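Engineer: Would you mind keeping the following structure in view while I ask a few things?
The values are calculated or read from the model by the stated rules, or taken from the named source; none is laboratory data. Every value quoted in this text rests on a predicted model; they were computed, and no experiment measured them. As a convention, Cβ positions derive from the backbone with ideal geometry for all residues, glycine included, and neighbour counts pool all protein chains shown. With ligands, DNA and RNA removed, areas are computed over all heavy atoms of the protein, side chains included. Shrake-Rupley method; radii C 1.70, N 1.55, O 1.52, S 1.80 Å.
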Amino acid sequence: MDDLTFRKRIYANPHDNAQDIVDACQDDKNKAKFKSDMKTFDSKLKQALTVSTPDNLAEKILLSQSIDTQNGSSKRTKVHLAIAASVAVLVGVISVKFGLTNNFDNVGEYAIAHHNADIKHASDNYTYSLAQINSKLAAYGGEIIDALPNISFANTCYFGRIKSLHMVFQGEKFPVTVFLIPNETGLAQSTNFSDQDYNGETINVNNNQLLIITHKDDPNKDWSKQLTQSIKWKNV
């Protein structure tokens, strides 16, 4: 099964256990990992969209409907209840989309999950000029003053409710993901973090956290040193 077909199937149903999907996962560990990551994301999404109901909600609705019926306004009540339910669902969706809801204990867990969700989609077809990157870094008090590897992705992302910067550097063998995050995320800091494929490190700069995520097989073990020496920081 080609990669595009596999991904379309898994995006549509992360729990697809058809034989061709099972065979594809057995033959390709990257496909198996992608399916596992999407199942995890699907589980977190369902948790985020689960809205608990207040105690005695049914009784309260019935009582409200009974009173409004006597007042000749039952239609308005049904509309109001439908709108309230729609708003509750919309809030849940927005919370997931923009990071208002999280099920992570610390910034490292959040960063790894964010990285794994985006690693296949962060484009490697773009080249940003030094001026473009420095214009983005300026908001955080950063400026590149020494040569760095090509940056193939640089865009805004959200950690919790906090606007942050997501960059991808093209290393010798593996891309390197860097998040620049203000400290006000509400998430506990993580000095070092990892999963089965990636290592992460946090460096405090000004009032921000610089999170560097590298592949465990990356031959360059000095990314943190290289980045801290190549970026000048000043208070903003």
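Engineer: Cα convex hull of the stretch 3-49: how many Å³ per residue? Intermediate results must be reported in sequence, preceding the final value.
Structural biologist: Numbers: hull volume 2.9 nm³, N = 47.
Dividing the Cα hull volume of the stretch 3-49 by its residues yields 61 Å³.
Engineer: How do ASP197, ASP27 stack up against each other in accessible area, from largest to smallest, with a 1.4 angstrom probe? Provide the component values of the computation, followed by the final result.
Structural biologist: Working: ASP197 45, ASP27 135 Å².
Ranked list, largest accessible area first: ASP27, ASP197.
Engineer: Using protein chains only and a probe of 1.4 angstrom, how many square angstrom of LEU4 are accessible, to the nearest 10?
Structural biologist: Roll a 1.4 Å probe over it and LEU4 shows about 110 Å².
Engineer: If you average 1/r over every pair of different alpha-carbon atoms in the stretch 106-233 and take one over that average, what Kirkwood value in Å do you get?
Structural biologist: Working: mean 1/r = 0.0687 Å⁻¹.
One over the average 1/r among Cα pairs gives 14.6 Å for the stretch 106-233.
Engineer: Within 10 Å, count the other beta carbons around each residue, average over each peptide in 161-168, 105-112, and list them highest first. Spell out each step's value before the answer.
Structural biologist: Details: 161-168: 19.0, 105-112: 20.9.
The peptides rank, most packed first, as 105-112, 161-168.
Engineer: Give me the extension gain from ASP20 to ASP218: residue separation times 0.36 nm, minus the current Cα-Cα distance, reported in nm with one decimal.
Structural biologist: Numbers: separation 198, 0.36 × 198 = 71.28 nm, distance 3.24 nm.
Full extension of this stretch gives 68.0 nm more.
Engineer: If you don't mind, another one. Subtracting the Cα-Cα distance from 0.36 nm times the residue separation, let me have the gained length for GLN196 to ILE162 in nm, one decimal. Could the numbers behind the result be given before it?
Structural biologist: Values: separation 34, 0.36 × 34 = 12.24 nm, distance 2.72 nm.
Once the chain is fully extended between GLN196 and ILE162, it gains 9.5 nm.
Engineer: Expressed as a whole percentage, what fraction of the accessible surface of the stretch 106-233 belongs to carbon and sulfur atoms when a 1.4 Å probe is rolled over the protein heavy atoms? Write down the numbers at each step before the final one.
Structural biologist: Numbers: 2680 of 6220 Å².
Whole-percent figure for carbon plus sulfur exposure: 43.
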